[in-house]
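Structure, as structure tokens:
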Amino acid sequence: MIIEKSEEVLEKHSLCNNCLGRLFGMLGKGSNYIRGKSIRLILNMEREAKGMPAFKEPERCELCGNILKRIEYLARLCYERAQKLGIEFESFLVGSRFPKEIMDKEKQLWKEFGLKFAEPINREFNREMGKFLEVLFQKPVDKENPDVTFIIDPCCERIELQIKPLYIYGRYRKLVRGIPQTPLKGFKESVASIICRPFSKVTRGKCIFHGTGREDVDVRMLGNGRPFVVEIKKPVKRKIDLEKIA
Ligand SMILES: [Zn+2]
């Protein structure tokens, strides 16, 4: 069924090995490239035996436009971007934004040939990018809770970084009166601004202060102090020395 179906498809469409293999991506193990290459080899051997011309891999794939041949290059772009930013992370994930026309074309192909074991192009792209980046970064893909997600637009080579926020719990004491808890007109400083400053500096992210309960300007906060949480959005550095900040 695989060889016959592939012949039908290739008679009408010029596909690269990745896109050919992906039509049967849910079957067997290994990469879609290997699937496609193997299918093409067997199919061409059968055709040769019948005196028919071979289906060579096209210069340009009509489905992916050769995007899948540029994964290593795009992975290097991601790597360079992360290095340049100096971003700290322990795990990552890859996402992508494919043009609708490619996704539609692919679905059309599945329908046209009744392909029930195909894998979508974005899944192959994300997985293969992940494999390259795991080697480059020496860090693992984490599908559940990654520190960083690279969202790639493969057509215009745009890379967007989504960085998981940091949350730090603490307690503060206010030994003098006359400081508002959050920024207030007429006051230069607030508890929030004093606490956030070192966190912003160290993490290079945007710090948001969440205090428990409200507190008047003219009171002190003694004893064990008031609990708070700081949320740091888009932290470039996430391994921070809390002792040093305190
Ligand atoms: Zn292709």
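Just so it is clear, none of the values below were taken in a lab; they were calculated from the coordinates. Just so it is clear, the structure is predicted and the values come from calculations on it, not from any experiment. Virtual Cβ from ideal backbone geometry, glycine too; neighbours counted across all protein chains shown.
For Val217 and Ile245, FRET efficiency with R0 = 25 Å and r from the beta-carbon atoms, rounded to 0.05?
0.50
Which helices, taking whole DSSP H runs in the chain, have alpha carbons extending 18 angstrom or more along the helix axis plus mean Kyte-Doolittle at least 0.0? Write down the numbers at each step before the final one.
Numbers: long enough: 32-49 (26 Å, -0.51); 71-85 (21 Å, -0.27); 100-113 (20 Å, -1.50); 121-137 (23 Å, -0.25); 191-203 (19 Å, 0.94).
Once both thresholds are applied, what remains is 191-203.
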Measuring from centroid to centroid over Cα atoms, what is the spacing of the range 1-55 and the range 162-177 in Å? 58 Å
The range 129-149 and the range 58-107 have their Cα centres apart by a whole-number Å value of 14 Å
Once you put a point 7 Å from the Cα of Leu175 and another 7 Å from the Cα of Ile2, both along the Cβ direction, what distance in nm separates them? 7.3 nm
What 222 nm value per residue comes from the helices of the chain, counting each DSSP H run with n ≥ 4 as -39,500 (n - 2.57) and dividing by all residues, nearest 500 deg cm²/dmol? -12500 deg cm²/dmol
Nothing charged except the Cβ atoms of Lys and Arg (+1) and of Asp and Glu (-1): what's the magnitude of the dipole of the chain about its Cα centre? Round to the nearest 20 debye. 1220 debye
Antiparallel as a % of all DSSP beta bridges within the range 2-163, to the nearest 5? 50 percent
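State, as an integer percentage, the relative contact order of the range 166-245 based on alpha-carbon contacts under 8 Å between residues 6 or more apart.
On the way: 145 pairs, mean separation 33.4, N = 80.
Once divided by the residue count of the range 166-245, the mean separation gives 42 percent.
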Quote the relative contact order of the range 1-87 in percent (integer), defining contacts as alpha-carbon pairs under 8 Å separated by 6+ residues. 29 percent
Give a residue-ordered list of calculated ³J(HN,Hα) values for the range 172-184 (Karplus: 6.51 cos²θ - 1.76 cosθ + 1.60, θ = phi - 60°; whole Hz; x for Gly, Pro). 10, 10, 10, 8, 10, 8, x, 10, x, 5, 10, x, 9
Can you find, among Leu115, Phe187, Met45, the residue sitting farthest towards the positive end of the charge dipole of the chain, where Lys and Arg contribute +1 and Asp and Glu -1 at Cβ? Phe187
Expressed in angstrom and ordered largest first, the alpha-carbon extents of the chain along the principal axes are 94, 31, 29
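Placing unit charges on C-beta atoms (Lys and Arg positive, Asp and Glu negative, everything else neutral), compute the dipole magnitude of the range 83-177 about its Cα centre in debye, rounded to 20. Before the final figure, lay out each step's value.
Numbers: 18 positive and 16 negative charges, 153 e Å.
I would put it at about 740 debye.
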Highest mean packing first, using Cβ neighbours within 10 angstrom, the peptides 196-206, 223-233 sort as 196-206, 223-233
Positive dipole terminus of the chain, leading residue within Gly213, Gln162, Leu10 (C-beta point charges): Gly213
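With an 8 Å cut-off on Cα pairs and a minimum separation of 6 or more residues, tell me the relative contact order of the chain in percent.
Details: 391 pairs, mean separation 43.0, N = 246.
RCO, the chain: 17 percent.
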Per-residue counts of other Cβ atoms within 10 Å, averaged by peptide: what ranking do you get for 31-43, 98-110, 58-70, highest first? 31-43, 58-70, 98-110
